[in-house]
Structure formats: C-alpha cells, structure tokens
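J.: One structure, as structure tokens, below. Some questions next.
The values are calculated or read from the model by the stated rules, or taken from the named source; none is laboratory data. It should be emphasised that the depicted structure is a prediction, and the values quoted were computed from it without experimental measurement. Reconstructed Cβ throughout: ideal geometry from the backbone, glycine too, with neighbour counts over all protein chains shown.
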Amino acid sequence: MVIVEGTCTARFEPVRAALAARLESGEELGASIAVDVDGVMEVDMWGGHADAAYRVPWGQDTVVNLWSTTKTLSSLAALLLVDRGALDLHRPVAHYWPEFAAQGKQDIEVRHILGHTSGLSGWQQPFTMDDLYDWPTASARLAGQAPWWEPGSASGYHLQTQGQLIGELVRRVSGRTLTEFVDTEIAKPSQADVQIGARPADWPRIAELIAPSKLPALPATLDPEAIFTRTLLGSPARDEHVDTPQWRRAELGALNGHGNARGLARALSVISRHGEVNGRRLLSADTVDKILDVQADGVDLFLGVPVRWGVGYALADARTMPHMPTGRVCFWVGHGGSIVLMDLDRRVTFSYTMNRLGDGLLGSERTHHYLQQVYAVLASTA
C-alpha cells in the first residue's frame, strides 16, 4: 500500500486519497501537493519515488524541474520591482534596455512582456541550445529581432522567451541576475524551497523527470510563417535537455526553476494573501491588483485555445482549464502538469509538482482532478 507522507487536515482527506490512488495505480511516480489557506499550510504532502527505478523515495525535501511553472517566479520578481518603482508596467522596455528598441520595438511596454503580447514568442532561427544557455547571446538576439505580430494586439505564449525578457529587465534595473533576485527577494523572505536553475549542492535531491508517454499531435503540415510554427521552432529546449549539468547551471526563467509544491505555495501565497507573507509585506495590495488587469482575452496565437492573460499570469477562465474556480484567481502551469494557483477571493494557494509528466496542453488530467478535489472541499466547508 502506498503511503502518502506529510500533513493534511481532516477536511482535505479527499485530496490525500486522490494522490494515494494515483500513486498506487502508477499514474504518478512521485509527487507533492500543497494547499495554503490564508497562511496556514493545510496540505503539505508527498509520496512515491524520485527515480524511474523506484529506488529513491520522494522525500520531504525532494525538488523537481518545474518547466513553465517557473514563469510564476519570474513574473513575481518583475512585480516586486514594479512595486518598488524600479519598473513601470506602461513604460517601454527600451527605457531600461536601450538595445531593445531595434527593429521597431521602441513602443513595446513592460506589460506586453508580462502579458505575452510583445510579439516575441520565440527566437528567430537559427537558434540553438548553446545560444539559449549563453545569456548575452540569447538577450542580444531578442533585442535585435522584429516582433512577429503587432505588440499588444493579441497574445502568443512566450514559451521559452519570457524568462529571458524578464530576466534581462531584472538585471538592468536591479544589478542582479534573475537567479540571485529570486533567491534573495522571494525564496528567503518566504522561506520557500524554490530557485531558478539548481545549486550543485541540491542536485542529489532533484527528482528524475519522466517524459510523457505521448507528445501532442502536430498538424500534418506546418505553415512556416504561422506563429505556432515559428514559436515552436524558435524554442529549442526539449525533455532530453532536462536533468543535465548544463540545464541546471543555466538561468532559464521560463523553464528551469526547481522546487516542490510546498515551496511554490510559500512563494506565491504572497499574491493570494494580497501582498503579505510570514508577517511581512512584500507587495502592496495595489500591485497585486495589477495582476488582474486583462492584457489579452482570446485565442492565444501559439496555444490555440482561449486564454485571459493578466500581468504575469493567466486569469480564471473555464474555457482554458476545466474545474477552474471563479473569481479573482490567477495561475500558470508547467509542461507535464505542475501548477500553482492563487485565489485572491478565498486567500488560497494550491500547488502540485510531479516527476512523471502527463499529457495535456494546460495541465494533465491529474492536475485537473486534484484541482477539482481541492475546490470541492473548499465549497463543502465554506
């Protein structure tokens, strides 16, 4: 019988049972789930194994590569700088990064990057993993690139570029790398086990990622000029690059964050709790409210499904994900199913990480099931 470790209050027993069942069936290899309710971690549990050979248990401090759930940390870094007056959401990116004005990008605003509407959803080809790993090269290539659609007119998910764009802004205005900023300004104040990249000392506790059993089907023919095609080809990172030394040493603010559910819930609960965490105010309530300003609402040019983008996060929309709660809710997901969701109305933060990647465009079937279970509990005990 599978044992789920950690803590879980009585009312969230259905969530514990759901995780246990998925581990027992083998759908999950190893996973963690956390639910923070207004600063109280009512769920902090984990189970399964950190490796495909089933030799290493998933422990309390196991972490895993987060894929695009990393973006939630990078966006929070940008919002902290907005709150401090170092960044202005409505000011051109080129004000902080002069080289960025090239190729007609002089009017692209900071909010366009955070809302996936800048027109820079991928790198112009040719662009390799070696280029991605080299920070100056990756930034210079984006600075010298023309947007692929009219900035601000629509969203096109910045699959692998958003971390580079935000990270360059963080460097320009703070003098620190995104990795350093997330560590000193987010992880430490929140007591959150999250980081961009991974420190070598933490490598032994990183769970092995297992690629999904099947990849999403691609169209039989791809239009080389379509935003989908250009973004996909202009985003070189793939499953096989993860869990390598080069990947872990890199600073990929859209892709290679490492953490677990507890760490994500602690770090992002500052949004659910309107700017406060651990008795400290990290964001003003006004800055948190800016997240809910809709930047785009329609079919995303890359994802091909309707997404309501706020500032740095997607906003609650049943068209985007099933079982999504209503109200002032923001979230994002990672490849394979990891998620962190911030519910400002209920002051709830829900997070889930795993190492067996699931199928699905925005979260796996497991993601949706756990989310449904959490909100069924909240509804029944309100």
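Okay, residues lined up against (1) closer than 29 Å to Ser153 by Cα; (2) hydrophobic (A, V, I, L, M, F, W, C); (3) crowded, with 22+ Cβ neighbours inside 10 Å:
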position	(1), (2), (3)
Leu303	yes, yes, no
Trp309	yes, yes, yes
Arg347	no, no, no
Thr367	no, no, yes
Ala382	no, yes, no
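J.: Okay, next question. Quick check on my filter: what residues within the range 85-129 are among the small types (Gly, Ala, Ser) and on the phi < 0 side of the Ramachandran plot?
T.: Ala86, Ala94, Ala101, Ala102, Gly115, Ser118, Ser121, Gly122
J.: Which one is surrounded by the most Cβ atoms within 10 Å (Cβ to Cβ) among residues in the range 40-61 that are over 21 Å from the mean Cα position of the chain (by Cα) and closer than 17 Å to Ser269 by Cα?
T.: Step by step, filter the range 40-61, then rank; the result is Glu42.
J.: Out of the strands (runs of 3 or more DSSP E) lying entirely within the range 264-382, which hold 3 or more residues that are closer than 26 Å to Glu13 by Cβ?
T.: It comes to 329-333, 339-343, 348-354.
J.: Let me ask something else about it. Take the conditions among the basic types (Lys, Arg) and either closer than 17 Å to Asp345 by Cβ or out of contact with any helix residue (DSSP H, G or I) (no Cβ under 9 Å at 6 or more places or on another chain) (or both) and apply them to Arg328. Does it pass?
T.: In short, yes.
J.: I'd like the full set of residues that are free of Cβ contacts under 8 Å to residues at least 24 places away in the same chain and acidic (Asp, Glu), limited to the range 89-130.
T.: Matches in the range 89-130: Asp130 only.
J.: Looking only at residues that are among the small types (Gly, Ala, Ser) and assigned to a loop (DSSP other than H, G, I, E, B) in the range 92-130, which one is nearest to Leu315 (Cα to Cα)?
T.: Per the stated criteria, the residue is Gly115.
J.: When you go through Val82, Val56 one by one, which is the residue that is of a type outside the set (Phe, Trp, Tyr) and under 27 Å from Gly337 (Cα atoms)?
T.: Criteria check complete, one pass: Val56.
J.: Still on this model: Of all residues being out of contact with any strand residue (DSSP E or B) (no Cβ under 7 Å at 6 or more places or on another chain) and touching a residue at least 24 places away in the same chain (Cβ under 8 Å) in the range 318-343, which is farthest from Asp243 (Cα to Cα)? Just the residue, please.
T.: If we take residues in the range 318-343 being out of contact with any strand residue (DSSP E or B) (no Cβ under 7 Å at 6 or more places or on another chain) and touching a residue at least 24 places away in the same chain (Cβ under 8 Å), then Arg328 is farthest from Asp243 (Cα to Cα).
J.: Identify, by number, the condition in (1) over 28 Å from Phe331 (Cα atoms); (2) among the hydroxyl-bearing types (Ser, Thr, Tyr); (3) crowded, with 16+ Cβ neighbours inside 10 Å that Thr137 doesn't meet.
T.: (3)
J.: Another one. Under the condition of being of a type in the set (Ser, Thr, Tyr) and in a loop (DSSP other than H, G, I, E, B), which residue from the range 5-62 is farthest from Gly263 (Cα to Cα)?
T.: Tyr54
J.: Would it be correct to say that Arg280 is among the basic types (Lys, Arg) and either within 24 Å of Ser121 (Cβ to Cβ) or crowded, with 17+ Cβ neighbours inside 10 Å (or both)?
T.: Considered against the rule, which asks whether it is among the basic types (Lys, Arg) and either within 24 Å of Ser121 (Cβ to Cβ) or crowded, with 17+ Cβ neighbours inside 10 Å (or both), Arg280 comes out as no.
J.: Please work out if Arg141 is closer than 19 Å to Ala102 by Cβ, charged (D, E, K, R) and over 19 Å from the mean Cα position of the chain (by Cα). Walk me through it before giving the result.
T.: Values: closer than 19 Å to Ala102 by Cβ: yes; charged (D, E, K, R): yes; over 19 Å from the mean Cα position of the chain (by Cα): yes.
The answer is yes for Arg141.
J.: Out of (1) touching a Phe, Trp or Tyr at 6+ places or on another chain (Cβ under 9 Å); (2) free of Cβ contacts under 8 Å to residues at least 24 places away in the same chain, what's the single condition that is false for Asn256?
T.: (2)
J.: Report, by residue number, each residue of the range 140-167 that is of a type in the set (Gly, Ala, Ser), in a loop (DSSP other than H, G, I, E, B) and surrounded by fewer than 24 Cβ atoms within 10 Å (Cβ to Cβ).
T.: Hits for the range 140-167 are Gly144, Ala146, Gly152, Ser153, Ala154.
J.: In the range 308-324, what residues are closer than 22 Å to Gly358 by Cα, more than 14 Å from the chain's Cα centre (by Cα) and not polar (S, T, N, Q)?
T.: Ala316, Asp317, Ala318, Arg319, Met321, Pro322, His323, Met324, listed by residue number.
J.: Which residue is modelled with the highest pLDDT, if the candidates are limited to the range 192-212 and must be surrounded by fewer than 18 Cβ atoms within 10 Å (Cβ to Cβ) and touching an Asp or Glu at 6+ places or on another chain (Cβ under 8 Å)?
T.: Residue satisfying both the conditions and the ranking: Ala211.
J.: A further question follows. Considering only residues of the range 65-113 that are surrounded by 16 or more Cβ atoms within 10 Å (Cβ to Cβ) and among the basic types (Lys, Arg), which is nearest to the chain's Cα centre (by Cα)?
T.: Once the filter is applied, the top-ranked residue is Lys71.
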